[in-house]
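Student: Have a look at this one before I ask anything.
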Amino acid sequence: MADLLLERLSRGLFIFMRADGEEFRHAVPDLDTVLPSPQRIFLADESATPLIGFPLLRTSAFADLESALDHYLTLEEEAQCAYVTRHSFDSKAYSSAWQACQRRFAQAIENAMVASFGQNFPAVFWLHLSLVLARRLKAIPKRVLRRDLTLGREHGDAIKYRVLFKLLDRLVDLTYDIVQRLASEADKGEEALFPPLLDRMRDNVLILTEDHISPDLTELLSYFRGHLQLDGRAFRQRKKATEEWFHATVAIDPLLGAALPNLLGVEYRPDSPRSPLTYTGCARFISRHPSYDATRLLSPQDVEMWEGLLAKLKEFEVFHAMRRMVVPLEREGENLVSRDRSANTTWVGGPPVLRVSTTTRPYDFMAPLVVDPLVHRFGLVYDISDFSATLMLLGRSEASALEQAFRLMVLFQRRVNQLAASMRLTLEKYLGDGAFFSGRHARNMLSVAVLLQRIYRQAIEDGFPFDRGLRLALNYGQYRMLPLAAASGAGAARYEFFGHGLVELSRMATGKATRDLDEFKTYMIAQGYPEATVNKFFAPLSRRSAELVDRSEESRKFFAYINANRILVNEGIVATEDFISRLQAFDTLYLAKDGGRRYLVVSLETETAGRVQIGIRKLGAAQFKGLGALPMYEIVDVDSWQKVTLREVPGQTLVGALQRLFAAEVSNQGSQSPRNLS
């Protein structure tokens, strides 16, 4: 998390701090725990460089929260003006406005805390809210000035901070009430639940009142008058005079400029647009120079005040850079769009409309789970056939053979992971001797499956001992991404895939329905029963299973078919119909034959292996335990065939052509077995 966060922050333009990790951590020492981790937000075509930030869903309920906040702030402003002028105000409307605001805030704050699971949802909420507040509060002095010229001149800035502190006290009290209730229910300490980001914002009011601060501190005149009770104009003049004195002194005293890199880590450059006073400790250092005039320049009290303010300015810049990463999204039917100008740096001529990938899971703080756990992804699972049996046999041989097998297994998995990463697939979890990958592009997933099979074939040629086959399965389905709490000190929580999609892939890849008998036999032999006795005992069942074997299919190195009991036998690559239907249109389809089997052949261009020819055929509907009947398709590597004759299939979609090809095969074969029926 920290690497991505620091890398993203370093791209920003800063006035008061250097854009490097050391400076960020100095400004926010607990950066890893206080700030949330940004994520990649892919655009609709998922081919462009993704945005980095926090997708926030603007629902009608969230709009009601912001509207209630705005209404309350308006009445709070009126109440504070009435307090100063000693006039009356509508206390009933004022109380009602806060109750409406409180009700909505309580819902959002509780949702963020309950659903967080170590993902720092509250921090995202408060980052966005701080920017909403800053834009609303900074306008208060001007509104008060328009309301009453004298009142605005004398008290406008003070009223701004009275409104802020009144709201802040109420929000902190509300948050503490929720924390106390949730702490007792979740058996956690209150310190673990209270958002640390809110504490930091309460200590540094600049975050809640400003949305931009210039190098000359123009925007902070209200801060000086209303919060610090100081003359901001006089301070700015002294600061400017100090900067001018410094540049003039360095020109005649080179030792001063040479001392800065050694003492403060600052390299003085006359042409730099950045003020030397923005380096921590520089003002204190130069104020001790013999020619420094404290009566004209920053006084000792001003120097200390500036050093404290500088720390707050740097912290403000980090937090402001973070909240600028919030990307507000709206739903238009099934689509997600952003009309936020800050999300599109190339905006010209009108409000930008960025279409975001529908796989994006935005934050909805008015919903109980905040982030919807249900996602749709392309999935790939691979499983090495008879891995446990092979491992047991290797265990009976010399120890060196077992060690070599594990070394080759590590090498095989490393090559698979490198291939998947190069094709933008994500390794989600290892599944014993296999693994589960997710992806956003069907064609990438299909290419990886075929190239993974090639890696396995090459590994066997290099002496890979697990040579009894490799099963792969592809699908497009529903998954649930559930956050798992990290171990102590392990950092943020991580997501795990669960649900129907993963069960479907496991059924397709493991081949359990046809291999239970072999596993029983292997287990009994491992327990010490004589192998001949075990084989004799299971002989009747073995003969029955053998009758279902299609010898013509299993004569191939990699194969898949549906047997007479409508059970999928997978020793190759299979895919669901949902996956095949999302491969999109191909420019050209070809027909090819391998033995008595006919395939539709498509070509895919890959970065790692160039053009790959892939054959697809429909197998029929297979029966899976707990899932019912699913149409299955076999995927083959056409480039591995000894001889290939391709005939173009004009003017047909992939799924339509596969359906017609399957119907023709069923018609030619008649109703010879139930496996031919879809």
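The values are calculated or read from the model by the stated rules, or taken from the named source; none is laboratory data. These numbers were taken from a predicted model, which means no experiment stands behind them. Counting neighbours? That spans all protein chains shown, and the Cβs are built from the backbone with ideal geometry, glycine included.
Student: What number of residues within region 523-558 are in contact with a Gly (Cβ under 8 Å, 6 or more places away or on another chain) and modelled with pLDDT under 70?
Tutor: Residues meeting the conditions: 0.
Student: If you don't mind, another one. Filter region 385-430 for residues that are farther than 20 Å from E571 by Cα, in contact (Cβ under 8 Å) with a residue 24 or more places away in the chain and either outside any helix (DSSP H, G or I) or small (G, A, S) (or both) and give the result.
Tutor: Once the filter is applied, which keeps residues that are farther than 20 Å from E571 by Cα, in contact (Cβ under 8 Å) with a residue 24 or more places away in the chain and either outside any helix (DSSP H, G or I) or small (G, A, S) (or both), region 385-430 yields A401, A405, A420, S422, M423, L425, E428, K429.
Student: Continuing with the same structure: Taking the condition out of contact with any strand residue (DSSP E or B) (no Cβ under 9 Å at 6 or more places or on another chain), modelled with pLDDT of 90 or more and either part of a helix (DSSP H, G or I) or on the phi > 0 side of the Ramachandran plot (or both), does R443 pass?
Tutor: Answer is no for this residue.
Student: Let me ask something else. Residue under question is D203, and the condition is that it be loosely packed, with under 12 Cβ neighbours inside 10 Å, within 17 Å of L129 (Cα to Cα) and among the charged types (D, E, K, R); does it hold?
Tutor: Yes: the conditions hold for D203.
Student: Counting only residues that are in a helix (DSSP H, G or I) and touching a Lys or Arg at 6+ places or on another chain (Cβ under 7 Å), which one in region 291-305 is surrounded by the fewest Cβ atoms within 10 Å (Cβ to Cβ)?
Tutor: Applying the filter and picking the extreme gives D302.
Student: Scanning for something touching a residue at least 12 places away in the same chain (Cβ under 8 Å), within 23 Å of R324 (Cβ to Cβ), among the charged types (D, E, K, R) and surrounded by fewer than 19 Cβ atoms within 10 Å (Cβ to Cβ), does region 81-90 turn up at least one residue?
Tutor: No, region 81-90 has no match at all.
Student: Enumerate the pairs (first residue in region 262-279 and under 22 Å from M305 (Cα atoms); second residue anywhere and of a type in the set (A, V, I, L, M, F, W, C) and not in a loop (DSSP other than H, G, I, E, B)) with beta-carbon separation below 6 Å, excluding pairs fewer than 6 apart on the same chain, so at least 6 apart or on different chains.
Tutor: Pairs that qualify, where the first residue is under 22 Å from M305 (Cα atoms) and the partner is of a type in the set (A, V, I, L, M, F, W, C) and not in a loop (DSSP other than H, G, I, E, B), are L264/C282; V266/L260; P276/F246; P276/C282; L277/A283; Y279/L264.
Student: Same structure, new question: Which numbered condition trips up P254, out of (1) surrounded by fewer than 16 Cβ atoms within 10 Å (Cβ to Cβ); (2) more than 29 Å from the chain's Cα centre (by Cα); (3) modelled with pLDDT of 90 or more?
Tutor: So P254 meets the others, but not (3).
Student: Hey, another quick one. Out of L264, L221, I need the residue that is under 43 Å from the mean Cα position of the chain (by Cα), surrounded by 13 or more Cβ atoms within 10 Å (Cβ to Cβ) and over 30 Å from L131 (Cα atoms). Which one?
Tutor: After applying the criteria, what remains is L264.
Student: From F54, F105, F89, grab the single residue that is modelled with pLDDT of 85 or more, on the phi < 0 side of the Ramachandran plot, not hydroxyl-bearing (S, T, Y) and not assigned by TED's automatic domain parsing to the domain that holds L208.
Tutor: That would be F54, the only listed residue that is modelled with pLDDT of 85 or more, on the phi < 0 side of the Ramachandran plot, not hydroxyl-bearing (S, T, Y) and not assigned by TED's automatic domain parsing to the domain that holds L208.
Student: Within region 80-103, count every residue that is within 17 Å of D157 (Cβ to Cβ) and not polar (S, T, N, Q).
Tutor: Of the residues in that region, 3 qualify.
Here's the yes/no breakdown for (1) within 24 Å of E461 (Cα to Cα); (2) out of contact with any Pro (no Cβ under 6 Å at 6 or more places or on another chain); (3) surrounded by 14 or more Cβ atoms within 10 Å (Cβ to Cβ):
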| position | (1), (2), (3) |
| --- | --- |
| S357 | no, yes, yes |
| R361 | no, yes, yes |
| M366 | no, yes, yes |
| L369 | no, yes, no |
| G379 | no, yes, yes |
| S397 | yes, yes, no |
| F406 | yes, yes, no |
| R414 | yes, yes, no |
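Student: Check off (1) farther than 30 Å from I52 by Cβ; (2) at pLDDT below 90; (3) not acidic (D, E) for K240 and give me the number that stays unchecked.
Tutor: Unmet for K240, out of (1) farther than 30 Å from I52 by Cβ; (2) at pLDDT below 90; (3) not acidic (D, E): (2).
Student: I would also like to ask the following. Identify, by number, the condition in (1) over 23 Å from V318 (Cα atoms); (2) in contact with a helix residue (DSSP H, G or I) (Cβ under 6 Å, 6 or more places away or on another chain); (3) in contact (Cβ under 8 Å) with a residue 40 or more places away in the chain that A241 doesn't meet.
Tutor: (2)
Student: Any residue at all in region 508-522 that's under 36 Å from the mean Cα position of the chain (by Cα), surrounded by 15 or more Cβ atoms within 10 Å (Cβ to Cβ) and at pLDDT 80 or above?
Tutor: Within region 508-522, one or more residues are under 36 Å from the mean Cα position of the chain (by Cα), surrounded by 15 or more Cβ atoms within 10 Å (Cβ to Cβ) and at pLDDT 80 or above.
Student: With closer than 19 Å to F14 by Cα, over 38 Å from the mean Cα position of the chain (by Cα), outside any helix (DSSP H, G or I) and of a type outside the set (V, I, T) as the only criterion, which of R269, R288 stands out?
Tutor: One residue alone meets the criteria, R269.
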